[in-house]
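Engineer: Pasting a structure here, questions to come.
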Protein chains: 2
Amino acid sequence: MPKMDFDIITLGHGSGGLLTNQLLDTGVFNVLKNKYLDTRHDGAILPIRDNKIAFTTDSFVITPIFFPGGNIGDLAINGTVNDIAMCGAKPAYLSLSFILEEGLKMTELWEILLTIKKAADHAKVPIVTGDTKVVEKGKGDKIFINTTGIGYIHPKALFNSDRIEKGDAIVVSGHIANHGITIMSQREGLEFESDILSDTRSLHHNVWTVLEEFGHAIKIMRDPTRGGVATVLNELARDAQLGIKIAEEHLPVIPQVTGACELLGLDPLYVANEGLFVAVVDSSIKDAFVKTLRSMPETRDATIIGEVSSKHPGKVVMKSGIGGLRVINMLAGDQLPRIC
Amino acid sequence: MPKMDFDIITLGHGSGGLLTNQLLDTGVFNVLKNKYLDTRHDGAILPIRDNKIAFTTDSFVITPIFFPGGNIGDLAINGTVNDIAMCGAKPAYLSLSFILEEGLKMTELWEILLTIKKAADHAKVPIVTGDTKVVEKGKGDKIFINTTGIGYIHPKALFNSDRIEKGDAIVVSGHIANHGITIMSQREGLEFESDILSDTRSLHHNVWTVLEEFGHAIKIMRDPTRGGVATVLNELARDAQLGIKIAEEHLPVIPQVTGACELLGLDPLYVANEGLFVAVVDSSIKDAFVKTLRSMPETRDATIIGEVSSKHPGKVVMKSGIGGLRVINMLAGDQLPRIC
């Protein structure tokens, strides 16, 4: 930790004046330095290589801010990187904006900042501009982070729900529900918490790799964060005006998560993920697609969970373990607030 | 107001599921619709015309959220549009991210959304992607908004503190301190509140116009928001390693603001502005520059307030009304929290 003259965040750190400058100099600029940020301007001036970009934003309000497998810092980087990846793109630039609650410990901010740095370096994306605000104690909750990103789109990417067809395969890139169950366990202080980690990680490398190999045969990709896999599948069925049929026995869930879901009365299909995608691909490439995904560590548990059907347009149905069919609706209400 | 089945924001509206979709359909997508947002994807895919862009982010946490002259909605649009303008650019695309507190009235969100629409239309910039999160009552404060923007840079813009030279003129584009005094008056319930309005407005049109006419002779522009004119001048003096000398008698302050500042013990130089810029320009164009600004309504009160000097590098001094010189430091502490 750098030499700082304060232990906690005060309202003065959001003043835009001397204290803000000190916080930025010793913290943000110091840790994240790069040629764009070093101009210390409110905005960055950036070279752009392509004539088409992906642009996406997310605010992160997760509680607790530290959890097994990560913290709000890498979650905020990976979340926006993955939203860019879901456009068929890789990240070029990120912005970073903090809303800090008065009283936040500088040690916590520092740890989050270092995690941000590590996640951004791992994703090979520079943070080029930012903002820091402070609200009074009781008017926020430690730290909220907005990240917004610009990405370059793969020349072969053509993601569009209109391209989804009967017979297309539904693939998930790994085990589902790990993130949500990790957070829930932390909040409830459950015993199994140490066995389960958030799946927060960046996936643009994996997306880029399959786009290189399979191009247009990938119809669309979505990351099933809030609302889980069930909600994403419902959005895809609605947008494509086709049915989706999945098989319960093919859903990749680790035993600890299955156990936790039973204990907590949760359905893993509705639990949030942070390092996962759902892809709809042409059936002719489905096995090769899964094989390529499985060759990479982040997606080594990829599997086909179902297919697109012309029956029951706009609906998602699941064949249960004992052979029955049930309709899977979009998440109603809020299963788990502030999961990301 | 559209037909909505709820009067207040609940945690379910942040679930990512059915209620989030309902809120977006009836609210955000309905009001802000454009071809990019209509894809209802987490990210937007955008054509980019130039090979250099401006990129800037800001989170808005102002309280109260409604104030004379505007609300947090137009503040958030104009603030990011102006940060883009301060890069010598005009806005091309904006993102919009909400952090809502459980219990926020739908009527308030609706009014803010309509104001956002109006401000974005006025600035001719589409909102192309967004995000909505909800936090529990007492963990936020009604509404926080992040806007992040991409802009096209004027071909003649070359803003850099390295280009500031001895003799350059310091220009402000209008009356100072109106925004901060408006907010302070609201909070204190002072009588003069009705006379003073926030100066929130977009300035990129004005910036574009002077860039067309004066190009490189404009050395740099900054918007004196948090920390006020004093803080921006200090940042410029520090970055350029030159001195700045201003004259108190030339500071454009409306009498109501002067009165309020006296009553509240505030120095208008440190009070926040939201629709103002400070420009450093070559002395050869200073009068023409001000004349052009004065021909446009948003900058009709533009005036020269001082000049760059080789004396006292890194410092800002002000000649007072009675002839004495005093050093103007950067804002220390926090004069007025949550002003933007």
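The values are calculated or read from the model by the stated rules, or taken from the named source; none is laboratory data. All values reported here derive from a predicted model rather than from experimental measurement. Every residue, glycine among them, receives a Cβ derived from its backbone with ideal geometry; neighbour counts consider all protein chains shown. Each accessible area value is taken on the protein alone, full model and side chains, heavy atoms only, with ligands, DNA and RNA left out. Shrake-Rupley method; radii C 1.70, N 1.55, O 1.52, S 1.80 Å.
Engineer: Here is a list of conditions, (1) open to solvent by 10 Å² or more (accessible area, probe 1.4 Å); (2) of a type in the set (S, T, Y); (3) within 24 Å of B:E101 (Cα to Cα), and A:S95 meets all of them except one; can you say which number that is?
Structural biologist: Of (1) open to solvent by 10 Å² or more (accessible area, probe 1.4 Å); (2) of a type in the set (S, T, Y); (3) within 24 Å of B:E101 (Cα to Cα), only one is false for A:S95: (1).
Engineer: Could I ask something else about it? So A:I304 fits all but one of (1) hydrophobic (A, V, I, L, M, F, W, C); (2) open to solvent by 40 Å² or more (accessible area, probe 1.4 Å); (3) out of contact with any His (no Cβ under 8 Å at 6 or more places or on another chain); what number is the exception?
Structural biologist: Going through (1) hydrophobic (A, V, I, L, M, F, W, C); (2) open to solvent by 40 Å² or more (accessible area, probe 1.4 Å); (3) out of contact with any His (no Cβ under 8 Å at 6 or more places or on another chain) one by one, A:I304 breaks only (3).
Engineer: Aromatic (F, W, Y), assigned by TED's automatic domain parsing to the domain that holds B:L96, modelled with pLDDT of 85 or more and on the phi < 0 side of the Ramachandran plot, is that true of B:F29? I'd like the intermediate steps shown before the answer.
Structural biologist: On the way: aromatic (F, W, Y): yes; assigned by TED's automatic domain parsing to the domain that holds B:L96: no; modelled with pLDDT of 85 or more: yes; on the phi < 0 side of the Ramachandran plot: yes.
In short, no.
Engineer: Between A:L23, A:L75, which is under 24 Å from A:L203 (Cβ atoms) and either in contact with a strand residue (DSSP E or B) (Cβ under 8 Å, 6 or more places away or on another chain) or within 13 Å of chain B (Cβ to nearest Cβ) (or both)?
Structural biologist: A:L75
Engineer: Would you check if A:T200 is in contact with an Asp or Glu (Cβ under 8 Å, 6 or more places away or on another chain), β-branched (V, I, T), part of a helix (DSSP H, G or I) and within 18 Å of A:C340 (Cα to Cα)?
Structural biologist: no
Engineer: Ok, one more. Looking for whichever is of a type in the set (K, R) and within 20 Å of B:P224 (Cα to Cα) here; the options are B:R201, B:R187. Which one fits?
Structural biologist: Among B:R201, B:R187, only B:R201 is of a type in the set (K, R) and within 20 Å of B:P224 (Cα to Cα).
Engineer: Among (1) more than 14 Å from every other protein chain (Cβ to nearest Cβ); (2) surrounded by fewer than 24 Cβ atoms within 10 Å (Cβ to Cβ); (3) closer than 30 Å to A:G14 by Cα, where does A:E188 come up short?
Structural biologist: If we test A:E188 against (1) more than 14 Å from every other protein chain (Cβ to nearest Cβ); (2) surrounded by fewer than 24 Cβ atoms within 10 Å (Cβ to Cβ); (3) closer than 30 Å to A:G14 by Cα, just (3) comes out false.
Engineer: Additional query: Using the structure shown, decide if B:I170 is part of a strand (DSSP E or B) and within 11 Å of chain A (Cβ to nearest Cβ).
Structural biologist: No.
Engineer: Can you tell me which residue within the stretch A:39-52, out of those that are open to solvent by less than 10 Å² (accessible area, probe 1.4 Å) and under 26 Å from A:W110 (Cα atoms), is farthest from the other protein chains (Cβ to nearest Cβ)?
Structural biologist: A:A44
Engineer: Give the residues of the stretch B:128-167 that are more than 10 Å from chain A (Cβ to nearest Cβ), open to solvent by less than 10 Å² (accessible area, probe 1.4 Å) and of a type in the set (A, V, I, L, M), sorted by residue number.
Structural biologist: The one that is more than 10 Å from chain A (Cβ to nearest Cβ), open to solvent by less than 10 Å² (accessible area, probe 1.4 Å) and of a type in the set (A, V, I, L, M): B:I143.
Engineer: Would you be able to say whether some residue in the stretch B:68-81 is under 30 Å from A:A332 (Cα atoms), among the aliphatic types (A, V, I, L, M) and without any contact (Cβ under 8 Å) to a residue 24 or more places away in the chain?
Structural biologist: Within the stretch B:68-81, not a single residue is under 30 Å from A:A332 (Cα atoms), among the aliphatic types (A, V, I, L, M) and without any contact (Cβ under 8 Å) to a residue 24 or more places away in the chain.
Engineer: Which of the helices (runs of 4 or more DSSP H) found entirely inside the stretch B:1-118 contain at least 3 residues meeting this: within 16 Å of the chain's Cα centre (by Cα)?
Structural biologist: It comes to B:72-85.
Engineer: Further question: Among the numbered criteria (1) in contact with a helix residue (DSSP H, G or I) (Cβ under 8 Å, 6 or more places away or on another chain); (2) away from chain B (no Cβ under 11 Å), which one does A:H122 miss?
Structural biologist: (1)
Engineer: Can you name the residue in the stretch B:26-38 that is surrounded by 16 or more Cβ atoms within 10 Å (Cβ to Cβ) and under 21 Å from A:N51 (Cα atoms) and is also farthest from the other protein chains (Cβ to nearest Cβ) among such residues?
Structural biologist: Selected residue: B:L37.
Engineer: Between A:D141, A:D121, A:D131, which is in the same structural domain as A:T57 (by TED's automatic domain parsing), of a type outside the set (A, V, I, L, M) and part of a helix (DSSP H, G or I)?
Structural biologist: A:D121
Yes/no per residue for (1) within 14 Å of chain B (Cβ to nearest Cβ); (2) open to solvent by less than 10 Å² (accessible area, probe 1.4 Å); (3) in contact with a Ser or Thr (Cβ under 7 Å, 6 or more places away or on another chain):
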residue	(1), (2), (3)
A:D83	yes, yes, yes
A:P91	yes, no, no
A:G103	yes, no, no
A:L113	no, yes, no
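Engineer: Inspect the stretch B:265-287 for any residue being buried (at least 18 other Cβ atoms within 10 Å of the Cβ), among the polar types (S, T, N, Q) and under 24 Å from the mean Cα position of the chain (by Cα) and give the result as yes or no.
Structural biologist: Looking for residues that are buried (at least 18 other Cβ atoms within 10 Å of the Cβ), among the polar types (S, T, N, Q) and under 24 Å from the mean Cα position of the chain (by Cα), one finds at least one in the stretch B:265-287, hence yes.
Engineer: Also: Would you say B:F55 is surrounded by fewer than 22 Cβ atoms within 10 Å (Cβ to Cβ) and either more than 9 Å from chain A (Cβ to nearest Cβ) or in contact (Cβ under 8 Å) with a residue 24 or more places away in the chain (or both)?
Structural biologist: Spelling it out, it is not the case that B:F55 is surrounded by fewer than 22 Cβ atoms within 10 Å (Cβ to Cβ) and either more than 9 Å from chain A (Cβ to nearest Cβ) or in contact (Cβ under 8 Å) with a residue 24 or more places away in the chain (or both).
Engineer: Identify, from the list B:I218, B:I196, the residue that is crowded, with 23+ Cβ neighbours inside 10 Å and over 15 Å from B:E274 (Cα atoms).
Structural biologist: Going through B:I218, B:I196 in turn, the sole match is B:I218.
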